[in-house]
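Remarks on the structure that follows.
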Amino acid sequence: MDDTIGIEPSTDLGWERITLEHDDGPDLADAVSTGLGAASKTLPCHLFYDDEGSLIFEEICATPEYYPTRAERTILERDAEKLAEEFAGYEIVELGSGSAEKTELLLAAFCERGPTCYVPIDISSDALERSAARLTERFPNLSITTIEGEYEAALAASSARRSGPRLVLFLGSNIGNFGPTEAVKFLKRLRAHLVPGDALLVGVAARGDRERLEPAYNDAAGVTARFNKNILVRINRELGGTFDLDAFEHAAPYDEEAGRVAMYLVSQRAQTVRVEALKRSFTFAAGERIHTEDSYKYGPDELAQLAARGGFELVRVARDADELFALSLLRPGA
Ligand code: AVJ
């Protein structure tokens, strides 16, 4: 998994691409076979982010209901200068960089001060290509190493090539895909890639009202529903699946106690779906659900606790005026 399968020194100045193996082909087949074969059907949420899914996610961020992106942007706009001053000369590594539109606010402040290295990590090669093209064009003194791969393998690859102190960005509430136990485990593994002097900036949406959260994950224009169903589209295209997209409905209830929005695809009738590449069929009862994502909300205090258990010390927290979102600056603990 963590073998580098391609390093391509760029023809474009200051841009290098690293490609690691990740979930297409056999990995996708395995994930689907295991997930749909389970008593309680589930599919891992990273399957959303093929090239098409990454574009749909950008559409979600622009819907009036999905507030986390805008809330985080207001914090970054306000704090970019301060962060650039504090971390000038650090290499910036980003987990799940996507379009890197918010990161661009930070990079502008860093590049203003001097040459900057940026290492975006994502599983969508298109998202990496588009963002790197845009950023190298805008910032002549930015050097970029894109790493296509999953978080941990990509982090390992980035660690092997580190050139100095690093600021790791884990923005956009991506940590919310982990429940508390997995979040702590993930932070511990992340901690192992950092050294004293490095820093971690985590952005996460706080707990909130059902009235705000449920529409954010079930927008009126149906973009989130399309995003959710993109998993089925992928299975149909990449594995010869026969999912009827109209026979599944998107659902995203908020569990107030857990502080979690869970996304499901709900079978609208009893049905059997064939997945040719697996030589397997899956039966669904009417109302049976496929669990496709958890999106936990963590307030700053909760995040500080998770961070402490994961081996980090909280330096400070920045919040937007409505306290919908928090950016926590962490340092690896001793
Ligand atoms: C990218 C994981 C942060 O959980 O809010 C958005 C993904 N899913 N709408 C989130 C998502 C449905 C998003 N994260």
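Magnitude of the charge dipole for the chain, about its Cα centre and with charges confined to Cβ atoms of Lys, Arg (+1) and Asp, Glu (-1), is about 620 debye. Solvent-accessible area of the chain (1.4 angstrom probe, protein heavy atoms only): carbon and sulfur portion equals 50 percent.
If I stretch the segment between residue 316 and residue 237 completely, what's the gain in nm (0.36 nm per residue apart, minus their alpha carbon distance), one decimal?
23.9 nm
Put a dot 7 Å past the Cα of residue 210, heading toward its Cβ, do the same for residue 86, and the two dots end up 3.7 nm apart. Between residue 276 and residue 162, the FRET efficiency estimated from the beta carbon spacing at R0 = 41 angstrom works out to 0.40.
Counting every alpha-carbon pair across the chain, the share separated by more than 35 Å comes to 21%. Using a 1.4 Å probe, how large is the accessible area of residue 63, given in Å² and rounded to the nearest 10? That residue has around 10 Å² of solvent-accessible surface. For the range 168-196 versus the range 91-152, the inter-centroid distance based on Cα atoms is 19 Å. Using Cα atoms only, what is the angle between the long axis of helix 25-37 and the major principal axis of the chain, expressed in degrees (0 to 90) to the nearest 10? With both axes taken from Cα atoms, the answer is about 50 degrees.
Only helical runs count toward this figure. For the chain, summing -39,500 (n - 2.57) over DSSP H runs of n ≥ 4 and dividing by all residues gives -12000 deg cm²/dmol at 222 nm.
The calculated FRET efficiency for residue 247 paired with residue 185, based on their beta-carbon distance and R0 = 56 Å, is about 0.95. Rounded to the nearest 10 degrees, the inclination of helix 180-191 to the longest alpha-carbon principal axis of the chain is 40 degrees.
With q set to 0.15, 0.20 Å⁻¹, the log10 of I(q)/I(0) for the range 202-308, from the Debye formula over equal scatterers at the Cα positions, is -0.72, -1.00. Relative to the longest principal axis of the Cα atoms of the chain, the long axis of helix 223-239 makes an angle of roughly 70 degrees.
Only four residue types carry charge here, +1 at the Cβ of Lys and Arg and -1 at the Cβ of Asp and Glu. Report the dipole size of the range 62-148 about the Cα centre in Debye, rounded to the nearest 20. If you can, show how the numbers build up before the last one.
Details: 9 positive and 17 negative charges, 36 e Å.
Roughly 180 debye, rounded to the nearest 20.
Only lysine pairs 8 or more places apart or on separate chains count here, and in the chain those with Cα atoms under 20 Å apart total 6. Note that the chain presents 42 Å² accessible area per residue, ligands and nucleic acids not counted, probe 1.4 Å.
In terms of the mean number of neighbouring beta-carbon atoms within 10 Å, the peptides 114-123, 140-149 order highest first as 114-123, 140-149.
Most simply put, the chain has about 60% antiparallel DSSP beta bridges, counting only bridges with both residues inside it. The slack between residue 308 and residue 39, meaning 0.36 nm per residue of separation minus the straight C-alpha distance, is 93.3 nm.
Peptide packing: for 200-211, 264-275, the average count of neighbouring Cβ atoms within 10 Å per residue gives the ranking 200-211, 264-275, highest mean first. Within the listed set 278, 47, 314, the Gaussian network model of the chain (springs between alpha-carbon atoms below 10 Å) gives the highest mean-square fluctuation for 278.
Would you work out the charge dipole size for the range 243-334 about its Cα centre, treating the Cβ of every Lys and Arg as +1 and the Cβ of every Asp and Glu as -1, and quote it to the nearest 20 debye? Write out the running numbers ahead of the final one.
Numbers: 11 positive and 16 negative charges, 100 e Å.
Magnitude of the dipole: close to 480 debye.
The values are calculated or read from the model by the stated rules, or taken from the named source; none is laboratory data. None of the values given here were measured: they were computed from a predicted structure. For neighbour counting, all protein chains shown are included, and Cβ atoms are generated from backbone atoms with ideal geometry for every residue, glycine included. Keep in mind that these areas ignore ligands, DNA and RNA; they rest on the heavy atoms of the full protein, side chains included. Shrake-Rupley method; radii C 1.70, N 1.55, O 1.52, S 1.80 Å.
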